[in-house]
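Colleague: Below: one structure in structure tokens.
The values are calculated or read from the model by the stated rules, or taken from the named source; none is laboratory data. Fair warning: this is a prediction, and the values are worked out from it, not measured in the lab. Because the Cβ atoms are built from the backbone with ideal geometry, glycine has one as well, and the counts that use them run over all protein chains shown. When the accessible area is computed, the model is the full protein with side chains, heavy atoms only, and any ligands, DNA or RNA have been set aside. Shrake-Rupley method; radii C 1.70, N 1.55, O 1.52, S 1.80 Å.
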Amino acid sequence: MATDNAVKDEKGVDRSKMQVSDTEVAVEIDGMHKWYGDFHVLKDINLKVMRGERIVIAGPSGSGKSTMIRCINRLEEHQKGKIVVDGIELTNDLKKIDEVRREVGMVFQHFNLFPHLTILENCTLAPIWVRKTPKKEAEETAMHFLERVKIPEQAHKYPGQLSGGQQQRVAIARSLCMNPRIMLFDEPTSALDPEMIKEVLDTMVGLAEEGMTMLCVTHEMGFARQVANRVIFMDQGQIVEQNEPDEFFDNPQHERTKLFLSQILH
Amino acid sequence: MAQDRNHSLAYVRTEMVQEQPAPINAKGPVAWLRQNLFATIPDTLFTIFALLLLVYIIPPMFRFLIADAIWTGDNREACIVPGAGACWAFVDAKFAQFMYGRYPFEERWRVDLTGILLVAGVIPLAMPSVPYKKWNAIFVLIIFPILAFILLTGKLGLEPVQTSLWGGLLVTLVVAIVGIVVSFPFGIFLALGRRSNMPIIKMLSIIFIEFWRGVPLITVLFMSSVMLPFFLPDGVSFDKLLRALVGVTLFASAYMAEVIRGGLQAIPKGQYEAGDAMALTFWQSTRLIILPQALTLVIPGIVNTFIGLFKDTTLVLIIGIFDLLGIVQLNFTDANWASSKTPATGLIFAAIIYFIFCFGMSRYSMYMERRLDTGHKS
């Protein structure tokens, strides 16, 4: 998190550590197609994400934006084209898939915390079983990240005892405990009560300020303007338009984008 | 407000309303009686009817079971007196047989010791506050079965005791416990198998489950006892009790599998995805995330199956194994104790024993359900 004396720009963001690499590619998607049975959900997706980039993906429901980011950690399988994450190409090789998943954190719309485990246990499960971190060390790391998302005092409660916003912050902390190099957010605020959205977005802004490579499916346009370097607009399984956020919102080019923006920015 | 037509729509609360205690008539015993027993006229009529029914049933039951019951006596003479109630003297005289069957008298300490070891292992395991669960579980699931096998059948220099001599509660518990303990993991694997993406494993699981669910347990036991020997080469034979155990276990596994599958299906897809996204393997996800939740959800169904299995053990009677109920019935024919009250007394005794075990399982499962409830489902 940014300290108090950090220099914040007019959007309230400390950009001192937000550097985008010129050479290092985090995710590269090349001519990717995906079908559900006969239904062609993703069509010719091409996307290159550099290390440190923050990308917001928007679009109407059913446009394939969630499916696309779920392909990046192979929760969905693509049938054609190439996806390379952190230099590892995703194929049917389970070892490679696990390797990618260890480096890519994911935050879901419905949090998907494990309701039978405490908050702390939720955070230490993967480090202990996947990274083989000793329990004590894993707990220390977990507490560190729970402090960062500002809920260390909830560590011994169960997810069911927390508010939606708190649960989503735990979900973010849980992902961070694996020390991911890339974070995927799949509509992280869509299931939240209006009063809880800000606390989650603030956490995400904090993450961006630290230079995390992020791909966020979200309709939080304020967030997009604040931290994204690029907004990608999808419709009918394809990327229709992409631009830097201010340009994207103020001066959309494609008809579909204009329609979409007029619908959401009533 | 209604009078003032010009009153503006704007309203700002100046003081928040403080919490107040509930009205007096909403709590206390009188309120409880009113709400639960005498709320409406039909409620009141049902309450009175139920009370009358109890008045009608309880006194004769009390007279038969306790007041007029015969507690001591050496033979039927004691129980054939006019007006006699239950013949507890019969149960008293046959008690050892009901517990051990025809297990040799001088070896019965081995059964007792097995029972003590079992209780000593299971009670601390069942109490969540007792530490060393891992070692406790190793004792109950690995060491105890070996010790029990040695003690009961007579290995390592102990006098061998044929299983045909076993009987009574001993047999009931052996069949029920082996059935329960083995069918549980079998059921889990079958349930996972039936949901597997691998076609062969899925098909084998389905065939197994549907076959065993499709045949009555009596048939299974009868086949294992009468038909199996025809298919085995000469000279090869399995112990009759062992055959019954295998039959009961496979039968219970199929039922258990379907109960557990119900639990697996109730787990939201997001739980699997969260596990996958964190690079947990299939078995890690299953063991650490899915099964703990799925099994907790279906505790009522699992215990239902256990209780059903416990009572179904009485069916081993038809292949000539005398479990508790079998041995009680066998003793009705003892001329020494034949009286009009003997069968009723024996059956009531058997019913009480079955009830204690089944009710115990039921209560314990309710306790565990409450304990494992962590609030919201995901």
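Colleague: Give me the pairs, please: first residue somewhere in the range A:104-121 and touching a residue at least 60 places away in the same chain (Cβ under 8 Å), second residue anywhere and among the aromatic types (Phe, Trp, Tyr), beta-carbon distance under 7 Å, and either six or more positions apart or on two chains.
Modeller: The qualifying pairs are A:107/A:185.
Colleague: Now, a different point. Can residue A:119 be described as within 12 Å of chain B (Cβ to nearest Cβ) and in contact with a Leu (Cβ under 9 Å, 6 or more places away or on another chain)?
Modeller: So residue A:119 fits the description; yes.
Colleague: Look at residue B:182 and say whether it is under 23 Å from residue B:145 (Cα atoms) and open to solvent by 30 Å² or more (accessible area, probe 1.4 Å).
Modeller: So residue B:182 fits the description; yes.
Colleague: Quick one: would you say residue A:48 is closer than 28 Å to residue A:258 by Cβ, surrounded by fewer than 19 Cβ atoms within 10 Å (Cβ to Cβ) and away from chain B (no Cβ under 14 Å)?
Modeller: yes
Colleague: Also: Within the range B:258-277, track down each residue that is within 10 Å of chain A (Cβ to nearest Cβ) and part of a helix (DSSP H, G or I).
Modeller: B:269, B:270, B:271, B:272, B:273, B:274, B:275, B:276, B:277
Colleague: Taking the residues in the range B:229-253 that are open to solvent by 60 Å² or more (accessible area, probe 1.4 Å) and in a helix (DSSP H, G or I) as candidates, determine which candidate is modelled with the lowest pLDDT.
Modeller: Looking at residues that are open to solvent by 60 Å² or more (accessible area, probe 1.4 Å) and in a helix (DSSP H, G or I), I get B:229.
Colleague: How about the range A:171-198: which of its residues are assigned to a helix (DSSP H, G or I) and either within 28 Å of residue A:21 (Cα to Cα) or modelled with pLDDT of 95 or more (or both)?
Modeller: Scanning the range A:171-198 gives A:171, A:172, A:173, A:174, A:175, A:176.
Colleague: Inspect all residues belonging to the range B:102-111 and state whether any of them is of a type in the set (Phe, Trp, Tyr), assigned to a loop (DSSP other than H, G, I, E, B) and assigned by TED's automatic domain parsing to the domain that holds residue B:330.
Modeller: Yes, the range B:102-111 contains a residue that is of a type in the set (Phe, Trp, Tyr), assigned to a loop (DSSP other than H, G, I, E, B) and assigned by TED's automatic domain parsing to the domain that holds residue B:330.
Colleague: Which residues, counting only those in the range A:25-40, are assigned to a strand (DSSP E or B) and surrounded by fewer than 19 Cβ atoms within 10 Å (Cβ to Cβ)?
Modeller: Matches in the range A:25-40: A:25, A:28, A:30, A:31, A:33, A:35, A:36, A:39, A:40.
Colleague: Inside the range B:278-327, counting only helices (runs of 4 or more DSSP H) that do not spill past its ends, which hold 2 or more residues that are within 14 Å of another protein chain (Cβ to nearest Cβ), of a type in the set (A, V, I, L, M) and surrounded by fewer than 18 Cβ atoms within 10 Å (Cβ to Cβ)?
Modeller: Those helices (runs of 4 or more DSSP H) do not exist here; none qualify.
Colleague: Taking the range A:102-116, which residues are assigned to a loop (DSSP other than H, G, I, E, B) and at the interface with chain B (Cβ under 8 Å from one of its Cβ atoms)?
Modeller: A:108, A:110, A:111, A:112, A:113, A:114, A:115, A:116
Colleague: Out of curiosity, is residue B:221 away from every other protein chain (no Cβ under 14 Å), over 26 Å from residue B:295 (Cβ atoms), touching a helix residue (DSSP H, G or I) at 6+ places or on another chain (Cβ under 9 Å) and open to solvent by less than 60 Å² (accessible area, probe 1.4 Å)?
Modeller: yes
Colleague: Also, quick follow-up: Please indicate, with yes or no, whether at least one residue in the range B:168-176 is assigned by TED's automatic domain parsing to the domain that holds residue B:294, surrounded by 14 or more Cβ atoms within 10 Å (Cβ to Cβ) and in contact with an Asp or Glu (Cβ under 6 Å, 6 or more places away or on another chain).
Modeller: Yes, the conditions are met somewhere in the range B:168-176.
Colleague: So, one more: With the condition kept exactly as written, say whether any residue in the range A:181-190 is among the hydrophobic types (A, V, I, L, M, F, W, C), surrounded by fewer than 23 Cβ atoms within 10 Å (Cβ to Cβ) and over 20 Å from the mean Cα position of the chain (by Cα).
Modeller: No, the range A:181-190 contains no residue that is among the hydrophobic types (A, V, I, L, M, F, W, C), surrounded by fewer than 23 Cβ atoms within 10 Å (Cβ to Cβ) and over 20 Å from the mean Cα position of the chain (by Cα).
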